[in-house]
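Since the structure comes first, as structure tokens, the remarks are kept for the end.
The values are calculated or read from the model by the stated rules, or taken from the named source; none is laboratory data. Computed from a predicted structure; not experimentally measured. As a convention, Cβ positions derive from the backbone with ideal geometry for all residues, glycine included, and neighbour counts pool all protein chains shown.
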């Protein structure tokens, strides 16, 4: 899942606004109310980034409501979080990366190195992207899927495209975690394409 700096900025400002009003250091964030048009998984991933940077701590805050006054049944409301705010959040920005290198299943962003298992789809994908040396190329899924899956296919099914998307997404999340949120969007991808995010290509050392 792609998380850009704008989402982090918006989420950080919203948390700060709520925290300023409560003045307690601990808030309840109802994603359904505050971000009704945003995929909750995007907000959850952004929360993970802020947490990995030591700025907040969060957990699920389970809320139940009775939707029918004549019934004793309660409905659980998802995507509500209790957040402890540790630091100023109004000016969040990604850390600047100066150099990116890849060698021996290890992808390094300056001194932060991300080890990738030598087997599996994530390894095949990153080897393909770096092996071609054409770091700025926009790859269509049909150009890369056979390499990632390790076999040929007569046609591209939605299942295969979904698995391709999950591979890209999981690699981005792995990089995000290992760099402690410094790199949130190394791959730009969809169900139909994948490329190294153009903002990083000029930083790659041969």
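Laid out as a table, the results:
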| quantity | calculated |
| --- | --- |
| Unmet requirement for residue 205, which otherwise passes all of (1) at pLDDT 90 or above; (2) touching a strand residue (DSSP E or B) at 6+ places or on another chain (Cβ under 7 Å); (3) surrounded by fewer than 17 Cβ atoms within 10 Å (Cβ to Cβ) | (1) |
| Lone unmet requirement of (1) in contact with a helix residue (DSSP H, G or I) (Cβ under 6 Å, 6 or more places away or on another chain); (2) buried (at least 18 other Cβ atoms within 10 Å of the Cβ); (3) not in a helix (DSSP H, G or I) for residue 185 | (1) |
| Filtered residue count, the range 188-206, keeping only those that are without any contact (Cβ under 8 Å) to a residue 24 or more places away in the chain and either under 16 Å from the mean Cα position of the chain (by Cα) or outside any helix (DSSP H, G or I) (or both) | 2 |
| Selected residue (only one of 119, 152 is surrounded by fewer than 15 Cβ atoms within 10 Å (Cβ to Cβ), in contact with a helix residue (DSSP H, G or I) (Cβ under 6 Å, 6 or more places away or on another chain) and without any contact (Cβ under 8 Å) to a residue 60 or more places away in the chain) | 152 |
| Hits in the range 161-187 - residues which are out of contact with any strand residue (DSSP E or B) (no Cβ under 8 Å at 6 or more places or on another chain), without any contact (Cβ under 8 Å) to a residue 60 or more places away in the chain and farther than 19 Å from residue 119 by Cβ | 161, 162 |
| Residue list for the range 154-182, restricted to those being within 10 Å of the chain's Cα centre (by Cα) and in a loop (DSSP other than H, G, I, E, B) | 181 |
| Filtered residues of the range 21-62 (kept if surrounded by 14 or more Cβ atoms within 10 Å (Cβ to Cβ) and assigned to a loop (DSSP other than H, G, I, E, B)) | 35, 38, 53, 55, 61 |
| Which numbered condition residue 75 misses (of (1) farther than 30 Å from residue 14 by Cβ; (2) modelled with pLDDT under 75) | (1) |
| Residue match in the range 134-148 (condition: crowded, with 16+ Cβ neighbours inside 10 Å and under 16 Å from the mean Cα position of the chain (by Cα)) | no |
